[in-house]
Amino acid sequence: MASPQCIIKETDHSSEIFGFEEILNSIEAAIEEPDSDRRSNIAIIAEPFSGRSELFHKISLMCGERETKILLNRLVNDENFWNVLEKSGDLVLVDNCHLLYSQKIGGFERLDRFLNAASSEKLFITTWNQFSWNYLRFVFPLERVFPVRIELPKLGAAELEKMIMATCERELTFDEEVAPKKKEWMELSEFSVDLGLFKRTLKLPVPRIDYFGLESRIKEKVWPSKQKTEEASVEDKVFQRLRDYSDGNPGVAKAIWNKNVPEAEGVIKPEVIIKPQYKIDLSYDQAFLLYLLLCMETVSIDELKDIVDSSSDVNRFVRELERTDLILFENGLLSLMPEALHSIESYLKSVRLV
Amino acid sequence: MADGDLVSELVQSINASTVLSSLALILLAYAASSISTYVLTRLSEWRLLNVFGLNRITVKMVIPLLKFAFYFGAIYYILAEIFNLASDQLILFSGLLGAGIGFGLKDLFADVVGGLLVILERPYQIGDKITMGGYYGEIKDIGLRSTRLVTPDDTLVSVPNSSVFQNPVANVNAGNLEMLVVIDLFIDPRCDATLAMNILKEALVTSKYIRLSEKHPYVILMKDYPFYKRVRAKGYVNDLRYEFPFETDVTRRAWKEFRLAGIRPPRMGVIEEQKQ
C-alpha cells in the first residue's frame with residue numbers, strides 16, 4: 001500500500017553503502033515476512049557518524065513505495081509528525097528516534113506516544129543513537145517494543161578503503177618507496193603534578209604510547225616471518241591506520257581522512273594519518289552538556305538551555321567547548337566534531353556519564 | 001637462663017644507639033606510609049581508572065593495608081634486628097606487653113586489632129560513606145588506632161577502630177561509587193498523587209547525577225499519612241560525592257514542576273472533612 005511520505009529534511013546520502021550488506025539482507029527478510037504475527041519491530045542502534053542514516057536511506061529504497069518514511073533531524077515539536085504516523089501504512093521507517101525525547105521533566109511525552117503507536121500491528125523500522133538508547137532502555141520498555149535490535153558493526157580497513165575510494169575525486173597515489181622503518185612507538189610528554197602542599201608544580205616525563213606502532217613492533221618480534229609477508233602495501237597500512245584511529249566508524253574515518261590527506265596532488269604515506277588527540281578537562285556541568293550532545297547529535301542552544309535549566313551558564317560552556325574543537329556551532333546548531341567522537345566518549349566514560 | 005638475667009639483658013640492649021635507630025625506623029615507616037597514602041590518593045582521583053573498570057575506592061583500599069604493613073614491619077625490625085631479641089626474650093617482652101595491655105594499653109590494643117579486622121573483613125573502606133558511632137560521613141582514613149570520617153558539614157570525626165566490635169556499622173555504598181539516594185517529598189493529600197509520582201520520576205531520571213543500569217534501577221513510591229502524602233524516589237547517584245547535589249537537583253526541579261501542576265505542600269494539622 002502506498003503511503004504518504006513525511007520528509008522533514010532529507011540529507012545527501014551516498015548511493016553506495018559499505019559493510020552493512022548482511023544487515024540489509026536480514027531487514028529485507030523481516031520486511032518480506034508474510035506472517036504479520038512473526039514480524040517484529042526493528043531498532044537499528046549505532047553511535048553517531050556510523051552510517052546509520054545512510055543505511056536507513058538504503059532500507060527505504062529497498063521498500064519502494066510501501067513504506068512511510070520519516071526522517072527526523074531536529075527535536076520533534078510539530079503535529080505533522082503525528083498526523084503522518086496516524087495515516088501511515090503497515091510499514092513505518094523512522095530515522096533518528098532519539099530526537100523524540102529530551103532529558104528534562106515533561107520531555108518524554110512524545111517518545112511515550114510514539115512507543116504506543118509502535119506497539120500496534122504495523123512494522124516499525126527505526127534508528128537510534130546508541131547513547132540515547134542505552135539511557136532510554138532503563139526508563140522505557142524499549143526492548144519490548146523493539147524486540148529485534150541491530151547494532152551496526154565497525155567497518156574494517158578494506159571497507160573503509162572502498163568507502164574513501166568511492167568518494168575521492170582525485171587519483172590517490174601511495175608512497176610505495178617508503179622503507180619499512182621502525183616506528184616510534186613511544187614518546188615522552190610532560191605531565192604537570194600540582195604539589196599543593198609546597199605550592200609548586202612538578203613536571204614529570206610521561207611516556208605516550210602509539211599502540212599502532214607498538215603492535216607493529218611486537219608483531220616484528222613475535223612473528224618475524226609473518227611480518228615480512230605482512231609487509232603489505234603502503235595503501236593497506238594507510239587504511240589499517242585509518243581503521244584503528246577511527247575505530248571503524250565511517251564518519252570519523254572520513255573526517256580523519258579529510259583532515260590529514262591533502263586535497264592537492266601528492267603521495268600518501270601511513271604517517272600522514274594522525275590519531276586525533278584532545279586534552280579534555282571539563283567541569284561536571286560541561287561534561288553533562290557534552291553528554292547531551294552525544295545523545296542528541298544535533299541541538300540548538302535554546303533546546304540545550306531548556307534541558308539543563310540554567311541558561312546563564314550554557315552560552316559560556318558552549319563557547320568553551322567550541323574553543324576545544326570538540327563541538328561545531330553552525331547555522332544555530334551544535335554538533336560534535338566527528339574526529340573528536342572517541343575522545344569525547346572515553347572522557348565521558350571516565351567521569352561516569354556514559 | 002633466669003628471668004632476672006633476661007630482663008637485665010633486655011634493659012642493657014636499650015641504649016642511645018638502639019633508641020635512635022628505632023626512632024629513625026618509626027619515622028621512616030611514618031614517612032613511607034604518608035608518601036604511599038599521598039601517591040595512592042592522587043592516583044585514585046585519576047579519571048581513567050573508570051575507563052578500566054576501577055574506581056577510587058578500590059585504589060584507596062590498599063592504603064590501610066600498606067600503612068599497617070609499614071608499621072608492623074618497623075616494629076618487627078626494631079625488635080628482631082635492632083634489639084636483637086632472642087626467642088625467650090621475645091616471650092618475656094610479650095609478657096611485659098601483656099601486663100601493659102592489662103594495666104592501661106588494652107584500649108589501644110583493641111583499636112589496633114580493630115584496625116586489622118577492618119582491613120581483613122572490610123566492613124568499610126576509605127572513600128565509603130558509613131554511619132558509625134552515631135556519625136554519618138565519608139571515610140577519609142583508616143589509621144592504626146582510629147577511623148576518620150568527614151560528616152556532610154565538614155566535621156572530622158575520629159572513631160576508635162575497636163568500636164567495630166561493639167557497634168553496628170552501616171555502609172551505604174560498600175566499595176562502589178554509586179549509592180542509593182532516597183528523596184522524600186511531602187504533598188497535600190488532596191493533590192493528584194499519580195501526577196506527583198510521574199513528575200518526581202521524570203525529575204529523578206533526567207537528573208545529571210543519576211546512574212541507570214541493570215544493577216542500578218530506580219523506583220517511585222507513595223505512602224498515605226493522615227496529614228500528607230509522601231512521594232518517595234529511590235535512585236542511584238553516579239558518584240557518592242554528588243549525593244547532596246543529586247538530592248537537591250531532583251527536589252528543586254520536582255517542586256518547580258509541582259507548583260506548575262498545582263501540587264502543593266501539605267498544610268500541617270488539617271484533615272479533610274468527609275462529606276456526608
Residue, nearest to the other protein chains (Cβ to nearest Cβ), within the stretch A:89-128, restricted to residues that are charged (D, E, K, R) and in contact (Cβ under 8 Å) with a residue 12 or more places away in the chain: A:104
Hits in the stretch B:22-76 (condition: among the small types (Gly, Ala, Ser), surrounded by fewer than 16 Cβ atoms within 10 Å (Cβ to Cβ) and over 24 Å from residue B:113 (Cβ atoms)): B:24, B:31, B:53
Selection count where residues are at the interface with chain A (Cβ under 10 Å from one of its Cβ atoms), free of Cβ contacts under 8 Å to residues at least 60 places away in the same chain and within 24 Å of residue A:110 (Cβ to Cβ), scope the stretch B:218-258: 5
Qualifying residue in the stretch A:22-42 (condition: among the aliphatic types (A, V, I, L, M) and modelled with pLDDT under 75): no
Residues that are of a type in the set (A, V, I, L, M) and free of Cβ contacts under 8 Å to residues at least 40 places away in the same chain, drawn from the stretch A:309-332: A:314, A:318, A:321, A:327, A:328
Tally, over the stretch A:320-354, of residues that are away from chain B (no Cβ under 14 Å), surrounded by fewer than 18 Cβ atoms within 10 Å (Cβ to Cβ) and either in a helix (DSSP H, G or I) or basic (Lys, Arg) (or both): 3
Strands (runs of 3 or more DSSP E) (entirely within the stretch B:104-181) containing at least 3 residues that are within 26 Å of residue B:42 (Cα to Cα), without any contact (Cβ under 8 Å) to a residue 24 or more places away in the chain and under 14 Å from the mean Cα position of the chain (by Cα): B:135-142, B:146-150
Residue in the stretch B:105-115 that is within 22 Å of residue B:22 (Cα to Cα) and of a type in the set (D, E, K, R) present: no
Condition met for residue A:290 (crowded, with 18+ Cβ neighbours inside 10 Å, away from chain B (no Cβ under 12 Å), at pLDDT 85 or above and under 25 Å from residue B:206 (Cα atoms)): no
Answer residue from the stretch A:296-313, given it is in a helix (DSSP H, G or I) and away from every other protein chain (no Cβ under 13 Å) and is modelled with the lowest pLDDT among those: A:311
Any hit, the stretch A:274-281, residues being more than 21 Å from the chain's Cα centre (by Cα), in a loop (DSSP other than H, G, I, E, B) and surrounded by fewer than 14 Cβ atoms within 10 Å (Cβ to Cβ): yes
Output for the stretch A:252-273, where each listed residue is surrounded by fewer than 19 Cβ atoms within 10 Å (Cβ to Cβ) and assigned to a helix (DSSP H, G or I): A:258, A:259, A:271, A:272
Complete set of residues in the stretch B:157-182 that are touching an Asp or Glu at 6+ places or on another chain (Cβ under 8 Å) and within 14 Å of another protein chain (Cβ to nearest Cβ): B:173, B:177, B:178, B:179
Within the stretch A:173-192, considering residues that are at pLDDT 70 or above and among the hydrophobic types (A, V, I, L, M, F, W, C), the one farthest from residue A:20 (Cα to Cα): A:191
Qualifying residue in the stretch A:133-156 (condition: out of contact with any Ser or Thr (no Cβ under 8 Å at 6 or more places or on another chain), surrounded by 21 or more Cβ atoms within 10 Å (Cβ to Cβ) and over 30 Å from residue B:195 (Cβ atoms)): yes
Every residue from the stretch A:157-171 that is surrounded by 15 or more Cβ atoms within 10 Å (Cβ to Cβ) and either modelled with pLDDT under 70 or closer than 25 Å to residue A:209 by Cα (or both): A:157, A:160
Of all residues making up the stretch B:183-207, the number that are farther than 26 Å from residue B:139 by Cβ and either among the hydroxyl-bearing types (Ser, Thr, Tyr) or within 13 Å of another protein chain (Cβ to nearest Cβ) (or both): 13
Residue list for the stretch B:208-217, filter: facing another protein chain (nearest Cβ under 9 Å), of a type in the set (Lys, Arg) and part of a loop (DSSP other than H, G, I, E, B): B:208
The stretch B:15-43 residues that are under 14 Å from residue B:143 (Cα atoms), paired with ones that are charged (D, E, K, R) (beta carbon under 8 Å, 6 or more apart): B:33/B:67; B:36/B:67; B:37/B:67; B:37/B:141
The stretch A:123-155, residues that are over 22 Å from residue B:201 (Cβ atoms), in a helix (DSSP H, G or I) and among the aromatic types (Phe, Trp, Tyr): none
Some residue of the stretch A:51-64 being at pLDDT 80 or above, surrounded by 12 or more Cβ atoms within 10 Å (Cβ to Cβ), not in a helix (DSSP H, G or I) and not charged (D, E, K, R): yes
Test: residue B:189 is more than 30 Å from residue B:106 (Cα to Cα), more than 21 Å from the chain's Cα centre (by Cα) and surrounded by fewer than 14 Cβ atoms within 10 Å (Cβ to Cβ): no
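The values are calculated or read from the model by the stated rules, or taken from the named source; none is laboratory data. Because the structure is a prediction, the values reported are computed rather than measured. Counting neighbours? That spans all protein chains shown, and the Cβs are built from the backbone with ideal geometry, glycine included.
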